[in-house]
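Here is the structure we will look at.
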Amino acid sequence: MNRRQLLQAAAGAPVLASVPAALCAAASPAAFQRVRPADPLWPSAASWAQLERAVGGRLTRLSAPMEPCRAAPAAQPCTEFFAALKNPYFLGDNVALTQTLGWVDAWTSMPSAYAVSAQTTADVVAAVNFAREQRLRLVVKGGGHSFQGTSNAADSLLIWTRAMNAITLHDAFVPAGCERQATPARAVSVGAGALWAHVYDAVTTKAGGYVQGGGCMTVGVAGLVQSGGFGSFSKAYGLACASLLEAEVVTADGTVRIANACTNPELFWGLKGGGGGSLGVVTRLTLRVHELPENFGAVNMTIKAGSDAAYRRLIGLIVAFYARSLMNPHWGEQIRFRPNNVLRISMVFQGLTRGEARAVWQPFLDALDSAPQDFELEFSPLKFVSTSAREFWSPTLMKRTFGFIRRDDRPGAAPGNVFWPGDQGQAGQVLHGYQSAWLPAALLHDGQREAFVGALFAASRHWGVSLHVNKGLAGAPADAIAAARDTAINPNALDAFALAICGSEGPPAYPGVAGREPDPTTARAHARAIGRAMDELRMLAPNPGSYVSESNYFEPDWQRSFWGSNYARLLAVKQRFDPEGLFFVHHGVGSERWSDDGFSLRT
Ligand SMILES: Cc1cc2nc3c(=O)[nH]c(=O)nc-3n(C[C@H](O)[C@H](O)[C@H](O)COP(=O)(O)OP(=O)(O)OC[C@H]3O[C@@H](n4cnc5c(N)ncnc54)[C@H](O)[C@@H]3O)c2cc1C
């Protein structure tokens, strides 16, 4: 879009009172440019001071936390710093860091030039207006878990919502403007910067309810909900965004809007799965609270096949068993196919006792037992575990002792700062490659299952593949699927039984820190192998679609992949509420109009 089209779009948009002065000042017919610190139009010290006053002093000039390590990589402070990067709460509490430190050949985590550590909606309004008027590249960060690097950008102004983390429960919430048509619902209002661990603590542990959030406890609420959002029990409760009842949003014109089914319904729809950081800054979300089941539990086992032929048979057994017995609201999480002929099962269940869960698995275990020469099952007394649902996310002594749950190890850390050990590997990671694909449930039908088993085996020769069965809604209750249909997510997710994910990452690393730099040769080899593995699956499921938040940075045809037939409607929401593209993220809605770094409008 050129400047003329841009202005026409702005003029035609009823939500914008006026075209910003700074945009008009860009009188050149050349493409619109955002400013960087070295540019003459970069805001003056007096302008920054004005913003600082407007946000109650909560404006910070940032520098890269890695800089001291570049100067003294072997010194004790640097060693300690890199050790701390494995603590997701340390990362989340640092305005200049992100959970993923980069992705080889894609992006490297960079601090913004300045950050507003927002505490109120008024802080957000001030920052949005400042960024728009001064033509700044604007970034929004909550939990900082973006794999795509969309919550950091050099030379930008960051709105950091981490401190907006109030959590309030309601017995009978009615969205504003819906008084005549909505039944009051149990709900929770959450500040945009809250993390799921803290929401689960408030809603489940303390109040005995269930809120649909993410599997990883340190993910931010606003980022996950805008992605769509899958948790361990999504096969029962659906998408996190489908439980959204209302959001408060600051749009590009600096207006505070309420979005729900009755007020600003198109904006509301776009926030449900349209991807974070594209439509405005969400300041508060209100989510439905569901009935909590009695029990949650887990099943963990590892099976080693004695030969390639036995592994192929093992894949056939688990796929048939999944289709027959597990594709229902009780079961979620992962089945992993490793290249060394190892099958790893890490499943969770809800609404079943431990005994009932074991009974479900007995036929599969019997099949393994009948061929001991082929299958070696790693037994463990903790293969089937269950707990009262209310205790699932609480850091009980038992869970800490057995290593089921980990705590933020910083002195004085809040006791509610907990996370699953399995997610620690991703703290501070540098990605090598990552791809995902929604696998249609039709692949499990008799006519296609054998070919699918063959494709999984073939894929596993290149790289490990995980089937996240809670991240596809086939097998979910009809109301959960219907609610998901009323969101912006790619409709392929509704017919998929799983999201297949292939990924590779290295330990915390940073360019220019001697001895701790990313390894591009290894990374590129892994990325190629991941591509080959996923190609085996895509041969059977062409154009499968991919989950915006857990996907390839280099996703070709990302509009169709992330949003499918919903993209045109989503783009219309974007044009209505952010016609000038103040909110830009890599492969976000409307980002095709911008340069890769989001600084220049493409002509
Ligand atoms: C270890 C790990 C585990 C994960 N597990 C799951 C999982 O179980 N299920 C699942 O569905 N996803 C999962 N994800 C993906 C995750 O949900 C998304 O990356 C999500 O967008 C992260 O939100 P965030 O607030 O933590 O991240 P951020 O990086 O802060 O934000 C992500 C995006 O949302 C935008 N954003 C953040 N806050 C706001 C706001 N208030 N208003 C507007 N835009 C905003 C940012 O600009 C950015 O574009 C996981 C990611 C990681 C790294």
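The values are calculated or read from the model by the stated rules, or taken from the named source; none is laboratory data. Not measured: the values here are computed from a predicted model. Every residue, glycine as well, gets a Cβ built from its backbone with ideal geometry; the counts of neighbours run over all protein chains shown.
Quick notes on this one:
- When residues of segment 536-558 are limited to those that are in a helix (DSSP H, G or I) and farther than 10 Å from residue 437 by Cα, the one nearest to the ligand (Cβ to nearest atom): 558
- Residue check for residue 229: in a loop (DSSP other than H, G, I, E, B), at positive phi, at pLDDT 95 or above and within 13 Å of the ligand (Cβ to nearest atom): yes
- Listing of strands (runs of 3 or more DSSP E) fully contained in segment 145-210 that carry 2 or more residues being over 18 Å from residue 286 (Cβ atoms): 157-160
- Restricting attention to segment 268-295, the residues being within 15 Å of the ligand (Cβ to nearest atom) and not in a helix (DSSP H, G or I) number 16.
Table: residues versus (1) assigned to a helix (DSSP H, G or I); (2) farther than 30 Å from residue 94 by Cα.
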residue	(1), (2)
377	no, yes
390	yes, yes
394	no, no
403	no, no
415	no, no
431	no, no
442	yes, yes
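- Here segment 332-355 is the region considered, the condition is being part of a strand (DSSP E or B) and among the small types (Gly, Ala, Ser), and the residue that is surrounded by the most Cβ atoms within 10 Å (Cβ to Cβ) is 332.
- Top-ranked residue in segment 25-72 [being crowded, with 17+ Cβ neighbours inside 10 Å, in contact with a Phe, Trp or Tyr (Cβ under 9 Å, 6 or more places away or on another chain) and farther than 30 Å from residue 119 by Cα; ranked as modelled with the highest pLDDT]: 69
- Qualifying residue in segment 476-494 (condition: on the phi > 0 side of the Ramachandran plot, surrounded by 21 or more Cβ atoms within 10 Å (Cβ to Cβ), touching a helix residue (DSSP H, G or I) at 6+ places or on another chain (Cβ under 7 Å) and of a type outside the set (Ser, Thr, Tyr)): no
- Residue 305 being farther than 30 Å from residue 152 by Cβ, of a type in the set (Gly, Ala, Ser), at pLDDT 95 or above and surrounded by fewer than 20 Cβ atoms within 10 Å (Cβ to Cβ): no
- Residue under evaluation residue 181, criteria (1) modelled with pLDDT of 95 or more; (2) over 14 Å from the mean Cα position of the chain (by Cα); (3) not hydroxyl-bearing (Ser, Thr, Tyr), criterion not met: (1)
- Scanning segment 356-375 for residues that are in a strand (DSSP E or B) and surrounded by fewer than 12 Cβ atoms within 10 Å (Cβ to Cβ) returns no hits.
- Condition met for residue 131 (within 12 Å of residue 159 (Cα to Cα), touching a helix residue (DSSP H, G or I) at 6+ places or on another chain (Cβ under 6 Å) and within 14 Å of the ligand (Cβ to nearest atom)): no
- Residue match in segment 287-301 (condition: within 22 Å of residue 124 (Cα to Cα) and either surrounded by 19 or more Cβ atoms within 10 Å (Cβ to Cβ) or touching an Asp or Glu at 6+ places or on another chain (Cβ under 7 Å) (or both)): yes
- The lone criterion from (1) without any contact (Cβ under 8 Å) to a residue 40 or more places away in the chain; (2) near the ligand (Cβ under 8 Å from one of its atoms); (3) not basic (Lys, Arg) left unmet by residue 265 is number (2).
- First in segment 122-144 and touching a residue at least 40 places away in the same chain (Cβ under 8 Å) and within 22 Å of residue 227 (Cβ to Cβ), second anywhere and among the β-branched types (Val, Ile, Thr) and away from the ligand (no atom under 12 Å from the Cβ), Cβ under 8 Å, 6 or more apart: 124/116
- Restricting attention to segment 131-144, the residues that are assigned to a helix (DSSP H, G or I) and buried (at least 24 other Cβ atoms within 10 Å of the Cβ) total 1.
- Per-region count, segment 394-446, residues surrounded by 13 or more Cβ atoms within 10 Å (Cβ to Cβ), more than 16 Å from the ligand (Cβ to nearest atom) and among the hydroxyl-bearing types (Ser, Thr, Tyr): 2
- Members of segment 92-106 found to be within 12 Å of the ligand (Cβ to nearest atom) and surrounded by fewer than 24 Cβ atoms within 10 Å (Cβ to Cβ), listed by number: 95, 97
- For segment 585-603, residues that are under 19 Å from the mean Cα position of the chain (by Cα) and either crowded, with 22+ Cβ neighbours inside 10 Å or among the charged types (D, E, K, R) (or both) total 4.
- Within segment 571-585, residues that are within 18 Å of residue 254 (Cβ to Cβ) have Cβ atoms under 7 Å from residues that are of a type in the set (Ser, Thr, Tyr) and within 16 Å of the ligand (Cβ to nearest atom) in these pairs: 574/278; 577/251; 578/251; 583/278; 584/591, counting only partners at least 6 apart in sequence or on another chain.
- Within the option set 572, 514, 568, 523, being away from the ligand (no atom under 15 Å from the Cβ), buried (at least 19 other Cβ atoms within 10 Å of the Cβ) and either modelled with pLDDT under 95 or not basic (Lys, Arg) (or both) holds for one residue only, 523.
- Residue in segment 203-215 that is within 7 Å of the ligand (Cβ to nearest atom) and over 14 Å from residue 267 (Cα atoms) present: yes
Yes or no, residue by residue, for (1) over 26 Å from residue 455 (Cβ atoms); (2) modelled with pLDDT of 95 or more; (3) not β-branched (Val, Ile, Thr):
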position: 321; (1), (2), (3): no, yes, yes
position: 329; (1), (2), (3): yes, yes, yes
position: 333; (1), (2), (3): no, yes, yes
position: 342; (1), (2), (3): no, yes, no
position: 347; (1), (2), (3): no, yes, yes
position: 350; (1), (2), (3): yes, yes, yes
position: 363; (1), (2), (3): no, yes, yes
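- Segment 273-286 residues that are among the basic types (Lys, Arg), paired with ones that are within 7 Å of the ligand (Cβ to nearest atom) (beta carbon under 6 Å, 6 or more apart): none
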